[in-house]
Amino acid sequence: MAAAYQQFVVELRAALAAQGFDDTGRSDGYVFRALAAGPMTVSALAQRLDITKQGAGQLVEDMERRGYLHRQPDPQDRRARLVALSPHGEQALRAARRFHRRYERNLVRRHGAEAVATLRALLGAVAGDAALDDPRLRAFYI
């Protein structure tokens, strides 16, 4: 499973680089997907990713520096700032999602729909129903 995932990541990063997203970091995808539902505070992002606030703050600062995120005032709490995808970040997320769909279509074309459905079911069984129903985890792969 690890080798298959690593190859998927290699191909994803190459596809993103070919579209001008050649500076994505190893954790960026998790942040992109977490923020896809909408802006949130660094604290909420840390909780969503199950990392420390300091770690989330470092990710946000780095991604903001590279133009993938921006911060904005929280309309509900003037003391708080929300982290959101920038237009560049939204483009990168769309590109990654297109890659995911194309990758799965290619798997179906090469191995057949039944084999891909079986693989999905097997991986789901390995992950367990509780993991598949956890919204924090679902955000990482949907």
task: Return yes when Ala84 is touching a Gly at 6+ places or on another chain (Cβ under 8 Å) and not in a helix (DSSP H, G or I) and no when it is not.
output: yes
- request: Answer yes or no: is there a residue in the stretch 21-35 that is at pLDDT 95 or above, open to solvent by 50 Å² or more (accessible area, probe 1.4 Å) and farther than 14 Å from Leu93 by Cβ.
  value: yes
query: Does Leu59 satisfy the criteria of being part of a helix (DSSP H, G or I) and either more than 19 Å from Pro87 (Cβ to Cβ) or open to solvent by 30 Å² or more (accessible area, probe 1.4 Å) (or both)?
result: yes
statement: The condition from (1) open to solvent by 70 Å² or more (accessible area, probe 1.4 Å); (2) free of Cβ contacts under 8 Å to residues at least 60 places away in the same chain that Asp77 misses is numbered (1)
message: Return the residues of the stretch 37-50 that are open to solvent by less than 70 Å² (accessible area, probe 1.4 Å) and in a loop (DSSP other than H, G, I, E, B); say none if nothing qualifies.
response: Gly38, Pro39, Thr41
- line: Restricting attention to the stretch 62-74, the residues that are assigned to a loop (DSSP other than H, G, I, E, B) and crowded, with 20+ Cβ neighbours inside 10 Å number exactly 1
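For the stretch 16-32, name all the residues that are assigned to a helix (DSSP H, G or I), in contact with a Phe, Trp or Tyr (Cβ under 9 Å, 6 or more places away or on another chain) and hydrophobic (A, V, I, L, M, F, W, C).
Kept after step one, since they are assigned to a helix (DSSP H, G or I), are these residues of the stretch 16-32: 16-18, 28-32.
Then keep just the ones that are in contact with a Phe, Trp or Tyr (Cβ under 9 Å, 6 or more places away or on another chain); that gives 16, 28-32.
The answer is Leu16, Val31, Phe32.
On the given criteria, is Gly89 within 17 Å of the chain's Cα centre (by Cα) and farther than 12 Å from Val31 by Cα?
Details: within 17 Å of the chain's Cα centre (by Cα): yes; farther than 12 Å from Val31 by Cα: no.
In short, no.
How about the stretch 86-142: which of its residues are small (Gly, Ala, Ser), out of contact with any Ser or Thr (no Cβ under 7 Å at 6 or more places or on another chain) and at pLDDT 95 or above?
Ser86, Gly89, Ala95, Ala96, Gly112, Ala113, Ala115
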- request: Kindly list, by first and then second residue, each pair from a residue in the stretch 81-99 that is within 15 Å of Ala17 (Cβ to Cβ) to a residue that is part of a helix (DSSP H, G or I), limited to pairs with Cβ atoms under 6 Å and residues at least 6 apart or on different chains.
  value: Ala95/Leu16; Phe99/Leu12; Phe99/Ala15
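In this structure, does Ser43 turn out to be over 25 Å from Arg101 (Cα atoms) and not β-branched (Val, Ile, Thr)?
Details: over 25 Å from Arg101 (Cα atoms): yes; not β-branched (Val, Ile, Thr): yes.
Against the criterion (over 25 Å from Arg101 (Cα atoms) and not β-branched (Val, Ile, Thr)), Ser43 qualifies.
The values are calculated or read from the model by the stated rules, or taken from the named source; none is laboratory data. These figures come from a predicted structure and were not determined experimentally. Ideal geometry is used to build each Cβ from the backbone, glycine not excepted, and the neighbour counts take in all protein chains shown. Just so you know, the surface numbers come from the protein's heavy atoms only, side chains and all, with ligands and any DNA or RNA stripped out. Shrake-Rupley method; radii C 1.70, N 1.55, O 1.52, S 1.80 Å.
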